[in-house]
Amino acid sequence: MKQFRKIGILTSGGDAPGMNAAIRAAARRALYNDIEVVGIRNGYQGMIMGHFRELQSYMVGDIIQRGGTILKSARSEDFRTKEGRRQAYRNLKKEDIDGVVVIGGDGSFRGAREFTEEFSIPFVGVPGTIDNDLYGTDYTIGYDTALNTIIDAVDKIRDTASSHDRLFFIEVMGRDAGFLALRGGIATGAEAILIPEINYDTVNLKEHLAKSYKRRKLTNIVLVAEGDETGGAFEVAEQVKEDFKGFDIRVTVLGHIQRGGSPSAFDRVIASQMGAAAVEALLDDQKSVMVGMMNREIVHVPFNKTIKHQKDVNRSLLDLQEILSI
Ligand code: ADP
């Protein structure tokens, strides 16, 4: 087992519910082995600025149920530069930190990979993003909670939509990945979903909606993953409105409510498992890996691999969505 004196923990990139549970687990797992723990505030920017603070066990108490991240998160342009990373290294050295746990998404792991290629301090990643778009893990921390928030919101919208026979376009998060829209769509019985993994086609959508109306389905909900191709829910509504004159079309962008809130039981548990597993990976002399969960087992995925590969949506769920939305 590798010996550590002090490890640093940070959260980076977009925040996700359950990050606090992961911070708590990583901190307590390290303390259990008598390793000191330092919380690095504001992501990589804080590493460069020296925003370090010792974390004792009680300091990570009463946070497992809270959304957001007590360590705060930030994006850092400086960390993209070699000079920025060198400054971060100097600070870690000065503080005697000999291992780092990074809780974040794809971008955060790119930064971690750059750093570990240049400097000798090992980094281990924990997947924290509501998008679930990381290759090598079935689930990311925050995804389940965001999904439940979406379901709650769409159910509410459906109540009013069906009272007025409306056609709703609801935009959910997922700029490059449609996991939230796909699962959210199945769970809410959405009539259609538009996700980046399927080429957007207005003609198809119009035909689908026309069929739906023909079958006397007077309330229709289309979940749109925010994204470049469709241009978002407002844009899609604009494109179909000519063909559906006389129908009451509305648009709702769910926005940042999807990032907040108390993490679900599922997210709290995987965050606890992954946070602890990240420290165990360091003790096991692993570096430049993301801790993931595949088929309920902890796995270690090299940063290179998770960055290089794109996780595909479950095609059978796509087919199911299509069948169930007739
Ligand atoms: P996420 O981790 O949620 O995907 P970002 O893509 O914003 O979030 O990445 C978080 C931070 O990681 C960035 O602000 C930047 O500091 C760092 N980062 C991202 N890509 C790189 C890179 N290629 N080289 C160095 N640092 C990077």
Subject >> Residue identified as of a type in the set (Val, Ile, Thr), more than 15 Å from the chain's Cα centre (by Cα), under 14 Å from ILE150 (Cα atoms) and crowded, with 21+ Cβ neighbours inside 10 Å among ILE170, ILE186 >> reply: ILE170
**OP:** Go through (1) of a type in the set (A, V, I, L, M); (2) under 17 Å from ALA278 (Cα atoms); (3) out of contact with any strand residue (DSSP E or B) (no Cβ under 6 Å at 6 or more places or on another chain) one by one and return the number of the condition LEU10 breaks.
**Re:** (3)
**OP:** Scan segment 50-86 for residues that are within 16 Å of the ligand (Cβ to nearest atom) and crowded, with 17+ Cβ neighbours inside 10 Å and jot them down.
**Re:** HIS51, GLY67, GLY68, THR69, LEU71, LYS72, SER73, ALA74, SER76, PHE79, GLY84, ARG85
Subject >> Subset of segment 74-89 (residues that are under 24 Å from ILE141 (Cα atoms) and either in contact with a strand residue (DSSP E or B) (Cβ under 7 Å, 6 or more places away or on another chain) or assigned to a helix (DSSP H, G or I) (or both)) >> reply: PHE79
Subject >> Residue among THR230, THR160, THR149 that alone is part of a helix (DSSP H, G or I), among the hydroxyl-bearing types (Ser, Thr, Tyr) and either surrounded by fewer than 14 Cβ atoms within 10 Å (Cβ to Cβ) or at pLDDT below 95 (or both) >> reply: THR160
Subject >> Tally of residues being at pLDDT 95 or above and in a loop (DSSP other than H, G, I, E, B) across segment 233-288 >> reply: 10
Original post:
What about ARG175, is it modelled with pLDDT of 95 or more, closer than 24 Å to HIS256 by Cα and of a type in the set (Lys, Arg)?
Top reply: no
Subject >> In segment 237-293, the residues that are acidic (Asp, Glu) and more than 30 Å from HIS164 (Cβ to Cβ) >> reply: ASP267, GLU280, ASP284, ASP285
**OP:** Could you tell me which residue of segment 112-130 is farthest from the ligand (Cβ to nearest atom), considering only residues that are buried (at least 24 other Cβ atoms within 10 Å of the Cβ) and in a loop (DSSP other than H, G, I, E, B)?
**Re:** ILE130
Subject >> Residues (part of a helix (DSSP H, G or I), within 14 Å of the ligand (Cβ to nearest atom) and farther than 15 Å from ALA74 by Cβ) located in segment 90-111 >> reply: ASP106, PHE109, ARG110
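The values are calculated or read from the model by the stated rules, or taken from the named source; none is laboratory data. The shown structure was predicted, so the numbers you read here are calculated from the model rather than taken from an experiment. Here Cβ is always computed from backbone atoms with ideal geometry, including for glycine, and neighbour counts include all displayed protein chains.
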